1. Within segment 17-33, how many residues are touching a residue at least 24 places away in the same chain (Cβ under 8 Å) and within 21 Å of residue 72 (Cβ to Cβ)?
2. State yes or no: is residue 23 modelled with pLDDT of 90 or more and at negative phi?
3. Return the pairs, sorted by first residue and then second, in which the second residue is modelled with pLDDT under 90 and in a loop (DSSP other than H, G, I, E, B), the first residue lies in segment 41-61 and is closer than 29 Å to residue 31 by Cβ, the beta carbons are less than 7 Å apart, and the residues are 6+ apart or on different chains.
4. Among the residues that make up segment 34-52, is at least one of them closer than 20 Å to residue 72 by Cα and in a loop (DSSP other than H, G, I, E, B)?
5. Please go through segment 1-22 and pick out each residue that is over 18 Å from residue 55 (Cβ atoms) and surrounded by 11 or more Cβ atoms within 10 Å (Cβ to Cβ).
C-alpha cells in the first residue's frame, strides 16, 4: 500500500493504535527497503496495513503516539525466547 492510501484512511477517521512494526526487506541482496505495519481502527472495525517507507511516511508515523518496533529484531527475539523455553522444557523432562 502506498502512503497516499494510508493518508486517505486517516482522513476518513481511521485511527492508528498499538505498536507500529518496521520490517527490513532486502531486494536482490543489495537494496534495502523498509515496510511499516500499522494497525488502524474505526468504530468497531480494525485492520492492518503495510506501507512502504519514504520520508513523508516517516513523518506521519512519527506523529502517531505509538511505539516503533523493528520487526526483524522482534521475530529474532521471539525465536530466541521460544528456543530458550523449549530448551528449559527439555531440561526438566531429562
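The values are calculated or read from the model by the stated rules, or taken from the named source; none is laboratory data. None of the values given here were measured: they were computed from a predicted structure. Cβ sites come from the backbone with ideal geometry, for glycine too, and all protein chains shown count toward neighbours.
1. Count: 7.
2. Considered against the rule, which asks whether it is modelled with pLDDT of 90 or more and at negative phi, residue 23 comes out as yes.
3. From residues that are closer than 29 Å to residue 31 by Cβ, the pairs are 49/1; 50/1; 51/1; 52/2.
4. The answer is no, given that none of the residues of segment 34-52 is closer than 20 Å to residue 72 by Cα and in a loop (DSSP other than H, G, I, E, B).
5. Correct list: 8, 9, 14, 15, 16, 17, 18, 19, 21.
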